[in-house]
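The values are calculated or read from the model by the stated rules, or taken from the named source; none is laboratory data. In this text, all values refer to a predicted model and were calculated from it rather than measured experimentally. With ideal geometry, Cβ positions are generated from the backbone for all residues, glycine too; neighbour counts draw on all protein chains shown.
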């Protein structure tokens, strides 16, 4: 229990929220000045921001968050696709369509089916996937998951391959995490769903109801050799202010005890599902949701922030500027969903139904670089090495040229000869714009050379 309290001290967080409920302008301005230093904020300072209601100050918060995102990660937006391999699950979570009460005919993909789904994702243009499945020790044992990852990596097509598999599976053992590390996963993501103990116990039945197992999983994963770790909550289950402070507290714990903060923080909001009758006790408005993203960006400036297709296009568009650095596109949230979409089989309802090409076309209008980069994982810029670059804001020196190179590869593979002239031309306009913003002349010249090599047929070039 001592570790749990250090990760998330409920009493302390509630006291902070009470103490900070009426922030004055001078206090907020001091917090803003500290935030601009990109060294993070204390829990109390985050508490003041969660209680901020002044629209003028909220607008300033958004501006600061956007600048911090640009200064650390630059203008690029990294894309991925979720790949669900099994909806078998022994848990009974109130908010999830895979709950055991669902009479759904369960499906577990064979390795051949996983290969076919991987090909479909590659043909969309993706280079990284997030592997997902329900918790079921009989149907979804760790060896099945390992085989699935190996299968995904083995697929090669004329349009490329998946270069990085990130994993979002249930909390498990140090030994299982070692197996994931051995097959070269990228980030291991696990969401607490809610840090509020009583709410967590109320909403979960089955193995996942073990609050301690869930909240300490990242420690075991780290001990198993995984040094890129992602955290998150499902907003709507409890007061979002409490959840934001808990995420920051968890981040600080990881930084202090593991030597690395979270590689990513995800911000999913509760969404409906066919057999889910649960209604969020603490629904989060669009305005508050955008505040959540901005606050987390200034509070944990070095972390990658992930937004899924749970959100509507217009909300995603704003969020990308506020602090989001990674996003899914063209998502299907059921096993075999890229072959055949069946609404009754989805884990949750998707609110952005656009395909990858449509999302890319939209973000190009905002002068963002669509990135499919996986360089850091493969070079070893993970864990402490990544943090040493991200915390001082140096990681963008790699992100910008690598984002450009992966996007040029996308343009040559999927836009040049596929009747996508508008995307092809607009894409290269944005590429040219950011080429001129690469500060290091040698890196800029080398990036231009590599672009020409890609145009001549070479692939997978990175710094």
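So that you can scan it fast, the table gives a plain yes or no per residue for (1) at pLDDT 95 or above; (2) surrounded by fewer than 22 Cβ atoms within 10 Å (Cβ to Cβ); (3) under 21 Å from residue 276 (Cβ atoms); (4) in the same structural domain as residue 86 (by TED's automatic domain parsing):
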{"residue": "155", "(1), (2), (3), (4)": "yes, yes, no, yes"}
{"residue": "165", "(1), (2), (3), (4)": "yes, no, no, yes"}
{"residue": "187", "(1), (2), (3), (4)": "yes, no, no, yes"}
{"residue": "204", "(1), (2), (3), (4)": "yes, no, yes, yes"}
{"residue": "211", "(1), (2), (3), (4)": "yes, yes, no, yes"}
{"residue": "221", "(1), (2), (3), (4)": "yes, no, no, yes"}
{"residue": "230", "(1), (2), (3), (4)": "yes, no, no, yes"}
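Take the stretch 426-442 and flag every residue that is in a helix (DSSP H, G or I) and over 28 Å from the mean Cα position of the chain (by Cα). Full working, then the answer.
Filtering the stretch 426-442 for residues in a helix (DSSP H, G or I) gives 426-435, 441-442.
Selection gives 441, 442.
Yes or no, residue by residue, for (1) modelled with pLDDT under 90; (2) touching a strand residue (DSSP E or B) at 6+ places or on another chain (Cβ under 6 Å); (3) farther than 30 Å from residue 224 by Cβ; (4) not in a loop (DSSP other than H, G, I, E, B):
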site: 402; (1), (2), (3), (4): no, no, no, yes
site: 411; (1), (2), (3), (4): no, no, yes, yes
site: 445; (1), (2), (3), (4): no, no, yes, yes
site: 450; (1), (2), (3), (4): no, no, yes, yes
site: 461; (1), (2), (3), (4): no, no, yes, no
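Within the stretch 101-113, track down each residue that is part of a loop (DSSP other than H, G, I, E, B) and surrounded by fewer than 16 Cβ atoms within 10 Å (Cβ to Cβ).
101, 103, 105, 110
Does residue 360 fit the bill of being modelled with pLDDT under 80 and either farther than 22 Å from residue 81 by Cα or in contact with a strand residue (DSSP E or B) (Cβ under 9 Å, 6 or more places away or on another chain) (or both)?
Spelling it out, it is not the case that residue 360 is modelled with pLDDT under 80 and either farther than 22 Å from residue 81 by Cα or in contact with a strand residue (DSSP E or B) (Cβ under 9 Å, 6 or more places away or on another chain) (or both).
Conditions: (1) over 22 Å from the mean Cα position of the chain (by Cα); (2) at negative phi. Residue 160 meets all but one. Number of the miss?
Failed condition: (2).
Taking the condition surrounded by fewer than 20 Cβ atoms within 10 Å (Cβ to Cβ), without any contact (Cβ under 8 Å) to a residue 60 or more places away in the chain, closer than 29 Å to residue 41 by Cα and more than 19 Å from the chain's Cα centre (by Cα), does residue 358 pass?
Values: surrounded by fewer than 20 Cβ atoms within 10 Å (Cβ to Cβ): yes; without any contact (Cβ under 8 Å) to a residue 60 or more places away in the chain: yes; closer than 29 Å to residue 41 by Cα: no; more than 19 Å from the chain's Cα centre (by Cα): yes.
The answer is no for residue 358.
Filter the stretch 297-315 down to the residues that are part of a helix (DSSP H, G or I) and either surrounded by fewer than 24 Cβ atoms within 10 Å (Cβ to Cβ) or not assigned by TED's automatic domain parsing to the domain that holds residue 191 (or both) and list them by number.
313, 314, 315
Considering only residues that are more than 19 Å from residue 301 (Cα to Cα) and out of contact with any strand residue (DSSP E or B) (no Cβ under 6 Å at 6 or more places or on another chain), look in the stretch 373-395 and name the one that is surrounded by the fewest Cβ atoms within 10 Å (Cβ to Cβ).
By that ranking, first place goes to 380.
Please go through the stretch 192-211 and pick out each residue that is assigned to a helix (DSSP H, G or I) and either closer than 13 Å to residue 246 by Cα or out of contact with any helix residue (DSSP H, G or I) (no Cβ under 6 Å at 6 or more places or on another chain) (or both). Before you say what the answer is, go through the steps one by one.
At the first step, the residues of the stretch 192-211 found to be assigned to a helix (DSSP H, G or I) are 197-203, 207-209, 211.
Residues satisfying the conditions are 197, 198, 199, 201, 202, 203, 207, 208, 209.
Going by the conditions given, is residue 247 within 16 Å of the chain's Cα centre (by Cα) and either assigned to a strand (DSSP E or B) or touching a residue at least 12 places away in the same chain (Cβ under 8 Å) (or both)?
yes
Could you tell me which of the residues 129, 146 is surrounded by fewer than 20 Cβ atoms within 10 Å (Cβ to Cβ) and within 22 Å of the chain's Cα centre (by Cα)?
Going through 129, 146 in turn, the sole match is 146.
Please verify whether the stretch 341-352 includes one or more residues that are surrounded by fewer than 22 Cβ atoms within 10 Å (Cβ to Cβ), in contact with a helix residue (DSSP H, G or I) (Cβ under 7 Å, 6 or more places away or on another chain) and not in a loop (DSSP other than H, G, I, E, B).
no
For the stretch 1-77, which fully contained helices (runs of 4 or more DSSP H) count at least 2 residues that are buried (at least 21 other Cβ atoms within 10 Å of the Cβ) and in contact with a helix residue (DSSP H, G or I) (Cβ under 9 Å, 6 or more places away or on another chain)?
Numbers: elements: 2-7, 10-19, 25-35, 43-50, 55-73.
Because the criterion is at least 2 residues that are buried (at least 21 other Cβ atoms within 10 Å of the Cβ) and in contact with a helix residue (DSSP H, G or I) (Cβ under 9 Å, 6 or more places away or on another chain), the helices (runs of 4 or more DSSP H) in the stretch 1-77 that meet it are 10-19, 25-35, 43-50, 55-73.
Output the residue which, of all residues in the stretch 363-378 that are more than 16 Å from residue 413 (Cα to Cα) and part of a loop (DSSP other than H, G, I, E, B), is modelled with the lowest pLDDT.
So the residue we want is 374.
Counting only residues that are in a helix (DSSP H, G or I) and under 15 Å from residue 186 (Cβ atoms), how many does the stretch 379-389 have?
Looking only at that region, the number is 4.
Scan (1) part of a helix (DSSP H, G or I); (2) more than 21 Å from the chain's Cα centre (by Cα); (3) modelled with pLDDT under 95 for the single condition residue 116 breaks and write down its number.
The one condition residue 116 does not meet is (3).
Collect the residues in the stretch 266-296 that are assigned to a loop (DSSP other than H, G, I, E, B) and crowded, with 24+ Cβ neighbours inside 10 Å, keeping them in residue-number order. Break it down stepwise before answering.
Going through the stretch 266-296, the residues assigned to a loop (DSSP other than H, G, I, E, B) turn out to be 267-268, 270-285.
267 - this is the single residue of the stretch 266-296 that is assigned to a loop (DSSP other than H, G, I, E, B) and crowded, with 24+ Cβ neighbours inside 10 Å.
Taking residue 106 as the residue in question, decide whether it is out of contact with any strand residue (DSSP E or B) (no Cβ under 7 Å at 6 or more places or on another chain), without any contact (Cβ under 8 Å) to a residue 60 or more places away in the chain and in the same structural domain as residue 243 (by TED's automatic domain parsing).
yes
Report the residue count in the stretch 280-298 for those that are at pLDDT 95 or above and over 20 Å from the mean Cα position of the chain (by Cα).
Final tally of qualifying residues: 4.
Right, residue 327: outside any strand (DSSP E or B), under 27 Å from residue 186 (Cα atoms) and in contact with a strand residue (DSSP E or B) (Cβ under 6 Å, 6 or more places away or on another chain) or not? So that I can check it myself, show each step before the final result.
Values: outside any strand (DSSP E or B): no; under 27 Å from residue 186 (Cα atoms): yes; in contact with a strand residue (DSSP E or B) (Cβ under 6 Å, 6 or more places away or on another chain): yes.
No: the conditions fail for residue 327.
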